[in-house]
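The structure appears right after this line, and notes come after that.
The values are calculated or read from the model by the stated rules, or taken from the named source; none is laboratory data. Just so it is clear, the model here is predicted, and its values are computed rather than measured. Neighbour counts are summed over all protein chains in view; Cβ atoms, including those assigned to glycine, are modelled from backbone coordinates with ideal geometry. Accessible surface is based on the protein model in full, side chains and every heavy atom, while ligands, DNA and RNA are left aside. Shrake-Rupley method; radii C 1.70, N 1.55, O 1.52, S 1.80 Å.
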Amino acid sequence: MKNKLILLISILMVTGFLSCRQKKSVQNSGEKKVFKNEEFSYRPNFHFTPKTSWMNDPNGMFYHEGIYHLFFQHYPDDIVWGPMHWGHATSRDLIKWEQQPIALYPDDKGYIFSGSAVVDTLNTSGLGSIEKPPILALFTYHDPEGELLDAIDHQTQGLAFSTDSGNSWQKYGGNPVLKNPGIRDFRDPKVIWSKDHEKWIMVLSAFDRVRFYDSKNLIDWNFLSEFGNGVGAHGGIWECPDIFPIEVNESNEIKWILLLSINDGAANGGSGTQYFVGDFDGKSFVLDELFQQQLKENGPFWLDYGKDNYAGVTWSNIPTEDGRRIFIGWMSNWQYAEKVPTKKWRNSMTLPRELKLVRKNDSYSVISKPVTEFDKYKNLVDSYEGISLKNKWSANTSSHIGAEIEVEFEVMDGDKLNILLYNQEGDTLSFGYDDRDNTFFLDRRKLLQKNFSDDYASSKSVAPRKIKGKNLSAKIVLDKTSVEIFYDDGHTVFTEILFPKEALSKISIASKTKGSKIESLRMFEIATEE
């Protein structure tokens, strides 16, 4: 892989684009935008968020007949967590979303917690036909009365189906299809069709581990095995699992990835998602020996080291000719998700990302990149070459549409690169790379509109660098209320939410030893409006 730190700063914030004194600069008006109302200041430009009310975990995502379906945990009557429904949104390109009517409502069996949906192409369930295959959603019924009575079996697994491409849903008359075996936290079924084993596989969270089940018809489920006892991070409950086979990059090797969200106990506090690499024989998931050794030496492997990427899972039914594994996560943290300063709606999803598995220097890594559909919204504005960092480099930002910035750095030994986005109100977001201890960092402690939570900005987020060398790579996406940073071609990722008082109208890049440089820099305008 190319040894260059390509810092892609997608500044989709009311911030905007850098104007610089070097090659091919396009000047903007410099108009200052103060955040005077919530709709202007906090509503993202291109991340999905509900029109109103509360949202958390993504659920039941599938692709069918040219449309991506995204379901999500939703409480339509308030901006805090409550009786869970499945909200619904659709998109043709994963970037522009249209919210649809609520798909699943609570009933006498309980709230509708997280789960997954699949297109039953072979009509194994008998709930549709080969010509018009049904779409089946597996979800957790959460009985609130049973929870209050301290019943250990208050969570069971339910089934709903659609025969009109996911536009309307009917709950299965025989619910629940999987009863609780006596586990208090028994939830979040993720179902896939295993072509190699010719059956449906379910992975289900069970307190501090996962359980595997199989089925021939999506209705009758058989217990197979457990995984997770004493493996990986165990600071909190395991939730929202996902499992899938994936080809190791640039090889014919196939491995299985198991994603597991945990609350709490993540890399930088609160909620987060870890991953495991192994093999699945149709019954049991077993860690790859090399990855197991990596775990012993390095500890848990995190899909994202930021504080705000949780409960993420992948889309089902992506066409074979596409071949991507596409992921989306909930962009918040249970430490403060119900306290963030929005009043009509709460919380957003991450940018959809493609996941890949790479093996380099006898180690495995799951890497993440924004989906390529995002590129069609980019328009080149500025490009630069050979920027010395003997002096701090700075520029104004002034566009209110959004931007993506590609930067290639050459970093000297023992140097520290510090990138600041800031405004005249004193808000400052700091991030970069410190070669002295081989770590990336992100610090939002000086970017806080009000102290809505002590956990929001209690410390900076850090992550070890996985790729060695003087030249580094990364990609960063910034919307009005979020930053997503993809370092080293996606080997290390940060996602965190932001609440500045006004647009971050300035940027600076500094080298501690004065020896590093920006080899090239490109800036793009991002326009999602027609």
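I'm checking my understanding of the structure. Among residues of region 380-392 that are open to solvent by less than 10 Å² (accessible area, probe 1.4 Å) and outside any loop (DSSP other than H, G, I, E, B), which one is nearest to Tyr75 (Cα to Cα)?
Asp382
Being under 21 Å from the mean Cα position of the chain (by Cα), of a type in the set (S, T, N, Q), closer than 29 Å to Val462 by Cα and at pLDDT below 95 is the requirement here; does Asn263 meet it?
Criteria met by Asn263.
Of everything in region 485-519, what is touching a Gly at 6+ places or on another chain (Cβ under 8 Å), modelled with pLDDT of 85 or more and not hydrophobic (A, V, I, L, M, F, W, C)? Give them in sequence order.
The answer is Thr495, Glu496, Thr513, Lys517, Glu519.
Go through (1) open to solvent by 50 Å² or more (accessible area, probe 1.4 Å); (2) touching a Ser or Thr at 6+ places or on another chain (Cβ under 7 Å); (3) not in a strand (DSSP E or B) and name the single condition Gly414 misses.
With (1) open to solvent by 50 Å² or more (accessible area, probe 1.4 Å); (2) touching a Ser or Thr at 6+ places or on another chain (Cβ under 7 Å); (3) not in a strand (DSSP E or B) applied to Gly414, the lone miss is (1).
Determine which member of the set Glu373, Glu406, Glu410 is modelled with pLDDT under 90 and acidic (Asp, Glu).
Glu406
Sort out which residues of region 438-459 are at pLDDT below 95, part of a loop (DSSP other than H, G, I, E, B) and not hydroxyl-bearing (Ser, Thr, Tyr), and write them in order of number.
Those that are at pLDDT below 95, part of a loop (DSSP other than H, G, I, E, B) and not hydroxyl-bearing (Ser, Thr, Tyr): Leu447, Leu448, Gln449, Lys450, Asn451, Phe452, Asp454, Asp455, Ala457.
Which of the residues spanning region 131-151 are open to solvent by 80 Å² or more (accessible area, probe 1.4 Å) and assigned to a loop (DSSP other than H, G, I, E, B)?
Glu131, Lys132, Leu149, Asp150
For region 222-235, what are the residues that are open to solvent by 30 Å² or more (accessible area, probe 1.4 Å), without any contact (Cβ under 8 Å) to a residue 60 or more places away in the chain and in contact with a strand residue (DSSP E or B) (Cβ under 8 Å, 6 or more places away or on another chain)?
Asn222, Phe223, Glu226, Asn229, His234, Gly235
For Arg353, all conditions in the list (1) of a type in the set (Lys, Arg); (2) in contact with a Phe, Trp or Tyr (Cβ under 9 Å, 6 or more places away or on another chain); (3) more than 30 Å from Phe452 (Cβ to Cβ) hold save one; what is the number of the exception?
(3)
How many residues does region 302-336 contain that are under 15 Å from the mean Cα position of the chain (by Cα) and either assigned to a strand (DSSP E or B) or farther than 18 Å from Gly66 by Cα (or both)?
23
Condition first: over 22 Å from Gln292 (Cα atoms) and among the basic types (Lys, Arg). Now tell me which residues in region 200-256 satisfy that.
Lys216
If I filter region 491-530 down to residues being hydroxyl-bearing (Ser, Thr, Tyr) and either open to solvent by less than 10 Å² (accessible area, probe 1.4 Å) or in contact with a helix residue (DSSP H, G or I) (Cβ under 7 Å, 6 or more places away or on another chain) (or both), which single residue comes out as farthest from Lys339 (Cα to Cα)?
Taking the candidates together, the pick is Ser516.
For region 187-195, check the following and say yes or no: at least one residue is in contact (Cβ under 8 Å) with a residue 12 or more places away in the chain, in contact with a strand residue (DSSP E or B) (Cβ under 8 Å, 6 or more places away or on another chain) and part of a loop (DSSP other than H, G, I, E, B).
No, region 187-195 contains no residue that is in contact (Cβ under 8 Å) with a residue 12 or more places away in the chain, in contact with a strand residue (DSSP E or B) (Cβ under 8 Å, 6 or more places away or on another chain) and part of a loop (DSSP other than H, G, I, E, B).
Read through the list (1) surrounded by 15 or more Cβ atoms within 10 Å (Cβ to Cβ); (2) part of a strand (DSSP E or B), then give the number of the only condition that Pro176 fails.
Unmet for Pro176, out of (1) surrounded by 15 or more Cβ atoms within 10 Å (Cβ to Cβ); (2) part of a strand (DSSP E or B): (2).
Tell me, which strands (runs of 3 or more DSSP E) wholly within region 60-123 include 3 or more residues that are buried (at least 22 other Cβ atoms within 10 Å of the Cβ) and in contact (Cβ under 8 Å) with a residue 24 or more places away in the chain?
Where strands (runs of 3 or more DSSP E) fall fully within region 60-123 and carry at least 3 residues being buried (at least 22 other Cβ atoms within 10 Å of the Cβ) and in contact (Cβ under 8 Å) with a residue 24 or more places away in the chain, they are 67-75, 85-91, 111-119.
Can you tell me which residue among Lys475, Lys466 is touching a strand residue (DSSP E or B) at 6+ places or on another chain (Cβ under 7 Å) and outside any loop (DSSP other than H, G, I, E, B)?
From the options Lys475, Lys466, the qualifying one is Lys475.
When residues of region 196-220 are filtered for being touching a Pro at 6+ places or on another chain (Cβ under 9 Å) and either surrounded by fewer than 16 Cβ atoms within 10 Å (Cβ to Cβ) or β-branched (Val, Ile, Thr) (or both), how many remain?
Within region 196-220, residues that are touching a Pro at 6+ places or on another chain (Cβ under 9 Å) and either surrounded by fewer than 16 Cβ atoms within 10 Å (Cβ to Cβ) or β-branched (Val, Ile, Thr) (or both) number 3.
Whether any residue in region 33-43 is part of a loop (DSSP other than H, G, I, E, B), of a type outside the set (Lys, Arg) and modelled with pLDDT under 95 is what I want to check.
Within region 33-43, one or more residues are part of a loop (DSSP other than H, G, I, E, B), of a type outside the set (Lys, Arg) and modelled with pLDDT under 95.
Scan region 236-254 residue by residue and report those that are open to solvent by less than 50 Å² (accessible area, probe 1.4 Å) and outside any strand (DSSP E or B).
Gly236, Ser251
Tell me, which residue of region 301-331 that is of a type in the set (Asp, Glu) and buried (at least 20 other Cβ atoms within 10 Å of the Cβ) is farthest from Asn263 (Cα to Cα)?
Once the filter is applied, the top-ranked residue is Asp304.
What tally of residues in region 257-293 results from selecting those that are open to solvent by 10 Å² or more (accessible area, probe 1.4 Å) and either in contact with an Asp or Glu (Cβ under 6 Å, 6 or more places away or on another chain) or not hydrophobic (A, V, I, L, M, F, W, C) (or both)?
14
Could you check how many residues of region 152-173 are over 23 Å from Leu260 (Cα atoms) and outside any loop (DSSP other than H, G, I, E, B)?
Residues that pass the stated criteria total 5.
Give me the residue from region 360-379 that is touching a residue at least 24 places away in the same chain (Cβ under 8 Å), out of contact with any helix residue (DSSP H, G or I) (no Cβ under 8 Å at 6 or more places or on another chain) and outside any helix (DSSP H, G or I) and, out of that set, farthest from Thr528 (Cα to Cα).
Applying the filter and picking the extreme gives Lys360.
Let me spell it out: the conditions are (1) without any contact (Cβ under 8 Å) to a residue 40 or more places away in the chain; (2) more than 20 Å from Ile497 (Cβ to Cβ), and Gly265 meets all of them except one. Which number is the exception?
Only one criterion in (1) without any contact (Cβ under 8 Å) to a residue 40 or more places away in the chain; (2) more than 20 Å from Ile497 (Cβ to Cβ) is unmet by Gly265, namely (2).
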